[in-house]
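Notes for the one structure printed next.
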Amino acid sequence: MANLRDYYRRNFLYQSHRLMLPELREKVVHTCSECGFFVQVAGKTETRPGCAAIIPYYASLAGRVPRELKVLEVLQAVGKNGLEQVLAGAGPHRQACGLFHLKMDK
Amino acid sequence: MRSREVVFLRCPILLADMNSFYASVHQAMDPLLRGKPVIVGGDPDKRHGIVLAASIEAKIHGVKTGMTVWEAGDICPQAVFIKPAHRHYVNFSSRIIGIMKEFSPLVEPFSIDEAFIDVSGCEQIYGFSLEIARKLKSRIKKEAGVSCSIGVGPNKLLAKMAAGMQKPDGLTLLDFPDVPVKMWPLPVRKLFGVGNRLEKRLQDLNIHTIGELARYPLPVLQKRFGMIGHVLHLSANGIDYSPVSPHSLKQVKSVGHQITLPRDYRGYHDLKVVLLELCEIVCRRVRLGGYAGKTVHLTLKDAQFVWLCRTRTMPRPTTSTNEVYRAAVELLHLYWPSWKPVRMVGVSLSGLVRNTAEQMDLFGDVEKARRLHHACDHIKNRFGEQSILKAVSLTPESILYERKDSLRHGQPS
């Protein structure tokens, strides 16, 4: 470190003492929109962001998560309460949650 | 403006430190564990047998973090022993950071159970810093079920020191006028940034408390410790100019992985299997982050806990497992005799640069290896980390296969 000003400006005191699990770092750095489970749920009149990790078929990685899911597919898979959870669990700018799985094709 | 408000405006930095985090997470998930002494510790059979966290009830009996599991069992026989489940801790931690980000976007996670938050300019929305701290504590308790200690201060250092002053479930404000009264009588080891070695060097100068360090002549400290001497002098006086930087986590300096082996490994053959698996894990992380690394670090610890770390810098940055593995094996052959038992192995890659360009070779080997890694990464992204393994991972020396086996039986690794 060149001088005292840079030492503080670059947050060196804390960076050199930080203990961070890679899994946590990934979740802190990314947002919901960068998650592989982030989908658009298309209804009759509107399309809203949703989280496919609530749907067991996608959560178990048995199938590729599409960009868009029809609302009927979600209803068939998890029912009405499940649909509410799918829609409540995602927002493009929301901080990544514990189920975060980095999207394959960034 | 009243003087009380001036104090709060001067102290906009908060540090939230979760109390006995790992144990609290288990207590939050299982109501039957609440009020009982809970100890989160490794498996002694796998030689990870130390206490990682003890609940407040266990700490009352004298259980401390870092002691061996059997010692903890002797002190507190009625304790409930739980194996660590890092997936849950990461999940809780990201939820807590999410709560903090609702108060201010300036949140800097410091470890899995600690984070700084700068609430400057939020007075009109949420009130002054102490009020925000109270709201934050209650929301974390209500939504995550974990109690925390919060330190409030004019800078990160004082917030950090304040958080450690009242545990568990504390809320402490430490302002500049409080420094001589509350901070200076503490042992110098308690000052953030002072570790075991630095403490011994300071004791050589007859510095035993933070106050003695604060009053010590600055030129002498600078001559002895260089720039760190100046930082120590400022820190002891409660001065810290470090910003709360939410983006600091985006800068990656190195990626590494280390593991304590289930038994002492002897001979290069067994160790090479572990090295290859570690290189695979490290290079995958490096590729996922979009980096390429140049310097390979090999860390080894023997049965007497004596460790050795050696590095080798490659001619160009790489993401290839094979290249990193070759460098690590060279280091192993150079610096570690084959008869010497190994207890812990670690590999890390530093000198990271953005992987935007790659030097091709004449016969297309680099391109071939890159495509192979790309295909394997796609399979792992799609079907999970254990979906495709190298054949050596099926040998008894493998560490990944053992993990896969334990996962198959539903045990956390």
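The values are calculated or read from the model by the stated rules, or taken from the named source; none is laboratory data. From a predicted model like this one, the values you see are computed outputs, not experimental measurements. FYI the Cβ positions are ideal-geometry reconstructions off the backbone, even for glycines, and counts take in every protein chain you see. These accessible areas exclude ligands, DNA and RNA; they are computed on the full protein's heavy atoms, side chains included. Shrake-Rupley method; radii C 1.70, N 1.55, O 1.52, S 1.80 Å.
Looking only at residues that are modelled with pLDDT under 85 and more than 8 Å from the chain's Cα centre (by Cα) in region A:89-104, which one is nearest to the other protein chains (Cβ to nearest Cβ)? Per the criteria, the residue is A:G98. Across region B:82-140, the qualifying residues are those that are part of a helix (DSSP H, G or I) and among the polar types (S, T, N, Q), and the one among them that is farthest from the other protein chains (Cβ to nearest Cβ) is B:Q124. Within region B:166-186, the set of residues being at pLDDT 90 or above, under 21 Å from B:N19 (Cα atoms) and in a loop (DSSP other than H, G, I, E, B) comprises B:L174 only. For region B:234-279, a residue qualifies if it is of a type in the set (S, T, N, Q) and free of Cβ contacts under 8 Å to residues at least 60 places away in the same chain, and the qualifying residues are B:N237, B:Q251. Pairing each residue of region A:25-36 that is within 10 Å of chain B (Cβ to nearest Cβ) with any residue that is of a type in the set (D, E, K, R), provided the two are 6+ apart or on different chains, yields C-beta distances under 7 Å for A:V29/B:K250; A:G36/A:K103.
Filter region B:290-309 down to the residues that are on the phi < 0 side of the Ramachandran plot and open to solvent by 40 Å² or more (accessible area, probe 1.4 Å), then identify the one that is modelled with the highest pLDDT. Restricting to residues being on the phi < 0 side of the Ramachandran plot and open to solvent by 40 Å² or more (accessible area, probe 1.4 Å), the top hit is B:H297.
Residues checked against (1) at pLDDT below 90; (2) outside the structural domain of B:V345 (by TED's automatic domain parsing); (3) surrounded by fewer than 18 Cβ atoms within 10 Å (Cβ to Cβ); (4) out of contact with any helix residue (DSSP H, G or I) (no Cβ under 6 Å at 6 or more places or on another chain):
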| residue | (1), (2), (3), (4) |
| --- | --- |
| B:P44 | yes, yes, yes, no |
| B:L52 | yes, yes, no, no |
| B:K64 | yes, yes, yes, yes |
| B:W70 | yes, yes, yes, yes |
| B:C76 | yes, yes, no, no |
| B:Y89 | no, yes, no, no |
| B:M100 | no, yes, no, yes |
| B:E114 | no, yes, no, yes |
| B:G127 | yes, yes, yes, yes |
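As for region B:285-296, it holds no residue that is out of contact with any strand residue (DSSP E or B) (no Cβ under 9 Å at 6 or more places or on another chain), more than 14 Å from every other protein chain (Cβ to nearest Cβ) and either within 30 Å of B:K340 (Cα to Cα) or among the polar types (S, T, N, Q) (or both). Of all the listed residues (B:Y216, B:Y241), the sole one being open to solvent by 50 Å² or more (accessible area, probe 1.4 Å) and within 14 Å of chain A (Cβ to nearest Cβ) is B:Y241. Residues of region B:327-363 that are touching a Ser or Thr at 6+ places or on another chain (Cβ under 9 Å), open to solvent by 70 Å² or more (accessible area, probe 1.4 Å) and part of a helix (DSSP H, G or I): none at all. On the basis of being of a type in the set (D, E, K, R) and closer than 15 Å to B:F116 by Cβ, does B:K160 make the cut? Criteria met by B:K160. Does B:V366 satisfy being part of a helix (DSSP H, G or I), more than 30 Å from B:G49 (Cα to Cα) and open to solvent by less than 70 Å² (accessible area, probe 1.4 Å)? For B:V366, the condition - part of a helix (DSSP H, G or I), more than 30 Å from B:G49 (Cα to Cα) and open to solvent by less than 70 Å² (accessible area, probe 1.4 Å) - is met.
Mind checking whether some residue in region A:42-50 is under 25 Å from B:G290 (Cα atoms) and loosely packed, with under 15 Cβ neighbours inside 10 Å? No, region A:42-50 has no match at all. Between B:T319, B:T313, the distinction of being closer than 27 Å to A:D6 by Cα and of a type in the set (S, T, Y) belongs to B:T313 only. Among the residues examined, B:M18 qualifies as in contact with an Asp or Glu (Cβ under 6 Å, 6 or more places away or on another chain) and either within 14 Å of chain A (Cβ to nearest Cβ) or of a type in the set (F, W, Y) (or both).
Taking the numbered list (1) at the interface with chain B (Cβ under 8 Å from one of its Cβ atoms); (2) loosely packed, with under 15 Cβ neighbours inside 10 Å; (3) touching a strand residue (DSSP E or B) at 6+ places or on another chain (Cβ under 9 Å) in turn, A:R67 passes all entries but (1). In region A:7-41, the qualifying residues are those that are of a type in the set (S, T, N, Q) and open to solvent by 50 Å² or more (accessible area, probe 1.4 Å), and the one that is nearest to A:G82 (Cα to Cα) is A:Q40. Open to solvent by less than 60 Å² (accessible area, probe 1.4 Å), over 23 Å from the mean Cα position of the chain (by Cα) and not assigned by TED's automatic domain parsing to the domain that holds B:I117, is that true of B:T313? Considered against the rule, which asks whether it is open to solvent by less than 60 Å² (accessible area, probe 1.4 Å), over 23 Å from the mean Cα position of the chain (by Cα) and not assigned by TED's automatic domain parsing to the domain that holds B:I117, B:T313 comes out as no.
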